[in-house]
Structure formats: structure tokens, C-alpha cells
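K.L.:
Let me give you the structure first, and then I'll get to my questions.
The values are calculated or read from the model by the stated rules, or taken from the named source; none is laboratory data. Remember, predicted model here, so these are calculated numbers, not experimental data. Here the Cβ positions follow ideal geometry from the backbone for every residue, glycine too, while neighbour counts run over all protein chains shown.
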Amino acid sequence: MKALDPDDDGVVTLLSDILEDLGVDNARLLLAPAADNRTVLETLIVDAEDEAEVPPGTLVLLIGARGRAALPAIRRIAAHRPAAVAIKGNEHDLEAVAEVLQPTGVGLVAVAPGLRWDKLEGVALDRVREPGMPAEGTGAVHRDLFAIAQTTATLTNGHVVIEDPANRVLAYSPASNDVDELRRLSILARRGPERYQKLLKESGVYKHLQAAEVPVHVEANPEAGLRERVAIGIHAGSRVLGYIWLQEGAGPLAPNTDRLMIGAARHAAIELARHRNEQAQSMREDRVSGLLSGTAQVHSQAQAAGIDPARPAALVLVSAGGLDQSPAGLQLRRGELSNLASIHAAAYRPGAIVGALGTETAIILPDLDPAKSLPAINRLVNVIVRDATTHLHFQVQAAVGPIVPRLDSLHTTLGHVRGVLKVMEARPSLRVASYSDVETTVLSNELMELLEARTSLRHEGIATLCTRYPEFALTLLSYLDFFGDVNRCAEELAVHRNTVHYRLRRACEVAGLDLQSADERLLAHLQIKLWNRTGNKG
């Protein structure tokens, strides 16, 4: 294929762009290319036996050899200094290849064994060709912006219009009878009436919107039939990508309208910037997966998001798993939740990343202060949960992970945060919890899961007790739960204390236990607890 000259239009394709489109499950960056070698101009499939010419800026897809067997071909290819080499295998398989490429500035991508080379090449070619292609697929960005408009309108109790820098309407919230004439004409004509735009420019409103990310309030004009408005510019660095206009509805605007408008503008800026480069709608999900992958791809994903992987960060998982809807309905509701969370998270941290992670909504909060941020995060999450209930009309639960010193180690908290959600599932009334709130229960559950997986770790006598005399086993479990308090055990089981003594004696006889032994008490407690946890099955 013909290489694209990045100087033609100032737009280039980075290796990280291609990896984002592929997704972390298909390809992982094991070795980042040097700073001056990240641009991919073309792709080339090379057989390990061929002596192919490899132009600079090429993403080489190396076939026909893996692991150390690929080293001769790697040395030949590295001499041409392509952008990167993609080889099938994992980090262990490609350790020797990484050592050879490290000093050359050539990147290394590990490709999942099940991914077909033609699919990888197709994704890479689509991305490389995009800078020179006409803009297509604008429907995706419009759908995202309409969702942002609708969510912002719901949270603020008003009506929203999103415009581009030329005041063309890009999206708006559904209209009702309380919209004024200006908003009606803007939607019908797909841009604001010229006379009103001139008035706003003359009054300096647009200068304020272009100067800073600060909401501007425009007073109502009853004579002209205009209601109060709040506007904010959509900024991407020094560029203005558009404006968000909020019109007062039948009732007053929400007290936190200014903060919500800042969040909406930041969220809209991310969507507009992404889609200007024709990135897929699933990119947010890929970015979340990439940042939680624990691989070298964390750094490329962080770079693409404009955040520092060496700064403290935290993970929040929001679950709406209790929704009883069709798959399409669930997808819609989770999309609404993601938009709501994105607006609030962007208002708190400009670099916040929100996306799906399985059935949950993940919120990655970067650039935190370990000493001061946790209370603010808890307030943020409580607002998200509250607004999901108030405006989306469904209950969600949110688990707040610990603040880690570096974003690139955030993946180490994923299991714990999911453990918090698992604890919360058994407590429907608990809406927000941090890892520190339920740490003991999370670790206890993880220990039980380890024991469940190791079926060899079973005491035969205790197993017999559980299988043949479940009533005795449950009495012993209750007795151990209450630290040997027979009276509390009797109350819990609603039996006489003499019955408790009888069952305990029989339980010890059947299992061959000595309750005076701390080791035997611990073993009995864990094994009976595991048996009871798994539904008295083993």
C-alpha cells in the first residue's frame, strides 16, 4: 500500500491507535517504540524466511516463527528500524525478542494466538488510511452527543443544545412545551438564528465561552420570550470544539448546574476529539481494559488519554446487575449509566476514564492526592449513585477501590474492588462501599474461594460430619461463630442449651475433633463454613 505522508494534513496514526482498535485481549504492547518511531505509515506481512525490504514507519506482522526461533528474522528486520514488530505469543515466549529490540527503538506487540493475521492487518489498514479518508461514520459521535445532551438535561432540569464552533446544532435533548422560540428555531434550522447569534457576539458572551471552561449565565429576556440560559465552551487544549447551551425549563435549574455543565463539556470534548480521528465507539471500553491490563500497554493507553501513569489513581466499579431487562434493555440502561458517570467524573477530574468492564461500569480516576482525595471520591460516587436512582430510576451499587501510588499498578486492585461488589450483592441496602469498609469480608471470601478450589484440603472426619449429620455441623458452626458462647448459639438456633451441648458432643465424636485444640477449631470452622457457603454440597 502507498505510505501516507503525515505532513499532508498534520494527522498521523500512532501504534497506540491501532492497539486501541484491536483491544487488549487481541494484542498487547510489550515494548514501546522510541518517541521518534511511534508513527505507523503502513503495514507489511513478512515471512520469517523472507529477506524483505521493510520501509521505516512500518508495522511488521511477522509470520512463520515464534519465540527464539524468530530471532534471526528479528535482527534483519530491526536493522531497517520499522515502527514495531507484531508476533504471536505471550510475554514469556517473546522475552528474548524483546531483549534484541530494546536498544533499537523498535516496538514489540504480542498477538493473541487465536487472532487471524488478516483481521489484524485489516484493523491496522483501516486505522492507517483514516487520516487521508473523508470523514465518515459521524452518526456515532452524534449518538454520543445526543446521549450527553439528554443526560445533562435530566440532571439539570433544563433543555440542552450542543453546537459546533460555527453554531451548527450537533445534538439536543428532547423538546417539550416549555422550550422558548429561540431553542425551537435552533433545532428546526439546525443552527441558532443569526440575529440572536449577532447579539450574543456583541455582548461578549462568546468571548467568555472561548476564553475559559467556565459557565456563562445569560439572563432571561421576557420581552423577547427568552428564558434564562447557561452556556459553556467545549475545549480541547487551546481549541474550542463547540458550545453547550442549557435553557431553563418549567422549574428552576438544579443547584449544581454549573458543575454539571463543566462535566458535560469535558465529556463532550472527549467524544468530539475521539471521533474527529474516527475512533470506534468501543474505544472507551478498550482504554479501560488497557489501563487495567498490567502490561506495557498501560503506558500507551495513558499517553493517548493524556494522563500520567506514574501518578496516584483509584478504580471505582458501579454495578447495575440487579436490572431485570432484556439484553437490549440492559445495554441501553448501562449506556445511560455510563453517560451519567462520565459527566460527574469529568467534573471531578478532567482525565477521568469511564467505560464498560464486563457487566460493570468502571471509573478510573487519575492524578489523585493520596492524603486528601478519598473523601472527595466517596462524595462523587454517592452523587452518581443518587442520580442514577433519581434520574435513571434504577438502583446501583458502587465499590471504591484504594488509591494506589501509580496508575500503572491500578490493575492490582481490580480483584479487591470486584470483591467489594460481591460483598455488596449480599447486602442490597448497601449502595456505596470502599475496600476498607469491607476488607475483612472480602479477604475472607477470597480465602474461601481458594479453599473451594483446593478440594484436597479436606478433613475426612469433618466431611463425614457435614454429609451425614448436617444438623450437628451447623450447630458446631454456630458455636464457633459465637466464640463458644452456648447461650447465644442456643438463641440463634432456637433450641435449648442442653440440645446444643448434645449436638456438639456428637459432632466431635463423628468428626474426631478436640475443641480444646486451636488448630482443630480453626480447621473445623473453615471447612464447615465452606460447606455451608457452597449450599451444603461439599
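K.L.:
Filtering region 356-373 down to residues that are within 17 Å of Leu421 (Cα to Cα) and in contact with a Lys or Arg (Cβ under 7 Å, 6 or more places away or on another chain), which residue is modelled with the highest pLDDT?
P.N.:
Thr361
K.L.:
Being without any contact (Cβ under 8 Å) to a residue 12 or more places away in the chain and among the polar types (S, T, N, Q) is the filter; apply it to region 220-255 and report the residue that is farthest from Ile162 (Cα to Cα).
P.N.:
Asn221
K.L.:
Another question about this same structure. Considering every residue within region 529-537, establish whether at least one is in contact with a Pro (Cβ under 8 Å, 6 or more places away or on another chain) and either assigned to a helix (DSSP H, G or I) or touching a residue at least 24 places away in the same chain (Cβ under 8 Å) (or both).
P.N.:
So far as region 529-537 goes, yes, one or more of its residues are in contact with a Pro (Cβ under 8 Å, 6 or more places away or on another chain) and either assigned to a helix (DSSP H, G or I) or touching a residue at least 24 places away in the same chain (Cβ under 8 Å) (or both).
K.L.:
Restrict the check to region 400-411 and report whether at least one residue is outside the structural domain of Glu360 (by TED's automatic domain parsing), farther than 30 Å from Ala320 by Cβ and not in a helix (DSSP H, G or I).
P.N.:
No: region 400-411 contains no residue that is outside the structural domain of Glu360 (by TED's automatic domain parsing), farther than 30 Å from Ala320 by Cβ and not in a helix (DSSP H, G or I).
This table checks each residue for (1) β-branched (Val, Ile, Thr); (2) touching a helix residue (DSSP H, G or I) at 6+ places or on another chain (Cβ under 8 Å); (3) under 30 Å from Pro402 (Cα atoms).
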site	(1), (2), (3)
Glu452	no, yes, yes
Ile462	yes, yes, no
Leu504	no, yes, no
Val510	yes, yes, no
Ser517	no, no, no
Trp531	no, yes, no
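K.L.:
Follow-up. Scan Val60, Val54 and give me the residue that is closer than 21 Å to Leu125 by Cα, touching a Leu at 6+ places or on another chain (Cβ under 7 Å) and part of a loop (DSSP other than H, G, I, E, B).
P.N.:
It is Val54.
K.L.:
Does region 139-179 hold any residues that are modelled with pLDDT under 65, surrounded by 18 or more Cβ atoms within 10 Å (Cβ to Cβ) and not in a helix (DSSP H, G or I), and which are they?
P.N.:
Matches in region 139-179: Val179 only.
K.L.:
I'm trying to understand the selection: among the residues of region 254-286, which are modelled with pLDDT of 90 or more and surrounded by fewer than 22 Cβ atoms within 10 Å (Cβ to Cβ)?
P.N.:
Ala254, Pro255, Asn256, Thr257, Asp258, Arg259, Ile262, listed by residue number.
K.L.:
From the residues in region 448-479 that are assigned to a helix (DSSP H, G or I) and of a type in the set (Ser, Thr, Tyr), which one is nearest to the chain's Cα centre (by Cα)?
P.N.:
The selected residue is Ser478.
K.L.:
Also: Is there any pair with a first residue in region 19-32 that is in the same structural domain as Pro82 (by TED's automatic domain parsing) and a second that is of a type in the set (Asp, Glu) whose Cβ atoms are under 7 Å apart and which are 6 or more apart or on different chains, and what are they?
P.N.:
Listed pairs, sorted by first residue: Glu20/Asp286; Gly23/Asp286; Val24/Asp286; Leu30/Glu91.
K.L.:
Continuing with this model, one more query. I want to confirm something. Restricting to region 416-434 and keeping residues that are small (Gly, Ala, Ser) and part of a loop (DSSP other than H, G, I, E, B), which single residue is surrounded by the most Cβ atoms within 10 Å (Cβ to Cβ)?
P.N.:
Per the stated criteria, the residue is Ala426.
K.L.:
Taking the conditions exactly as written (buried (at least 23 other Cβ atoms within 10 Å of the Cβ) and either of a type in the set (A, V, I, L, M) or at pLDDT 80 or above (or both)), does Ala296 satisfy them or not?
P.N.:
The answer is no for Ala296.
K.L.:
How about region 81-117: which of its residues are hydrophobic (A, V, I, L, M, F, W, C), crowded, with 20+ Cβ neighbours inside 10 Å and either assigned to a loop (DSSP other than H, G, I, E, B) or not assigned by TED's automatic domain parsing to the domain that holds Leu31 (or both)?
P.N.:
Matches in region 81-117: Ala83, Leu94, Val106.
K.L.:
What residue, of Val100, Val54, is modelled with pLDDT of 90 or more and within 25 Å of Ser300 (Cα to Cα)?
P.N.:
Val100
K.L.:
May I ask you to verify whether Glu520 is assigned to a helix (DSSP H, G or I) and surrounded by fewer than 16 Cβ atoms within 10 Å (Cβ to Cβ)?
P.N.:
So Glu520 fails the test.
K.L.:
Still on this model: Please determine, by comparing only the residues of region 57-83 that are over 16 Å from Leu44 (Cα atoms) and among the small types (Gly, Ala, Ser), which one is modelled with the lowest pLDDT.
P.N.:
Top of the filtered list is Gly67.
K.L.:
With the checklist (1) at pLDDT below 90; (2) surrounded by fewer than 18 Cβ atoms within 10 Å (Cβ to Cβ); (3) in contact with a Gly (Cβ under 6 Å, 6 or more places away or on another chain) in hand, flag the one item Val442 doesn't pass.
P.N.:
The failed condition is (2).
K.L.:
Next question. Give me a count of the residues in region 502-517 that are assigned to a helix (DSSP H, G or I) and surrounded by 15 or more Cβ atoms within 10 Å (Cβ to Cβ).
P.N.:
Total satisfying the criteria: 7.
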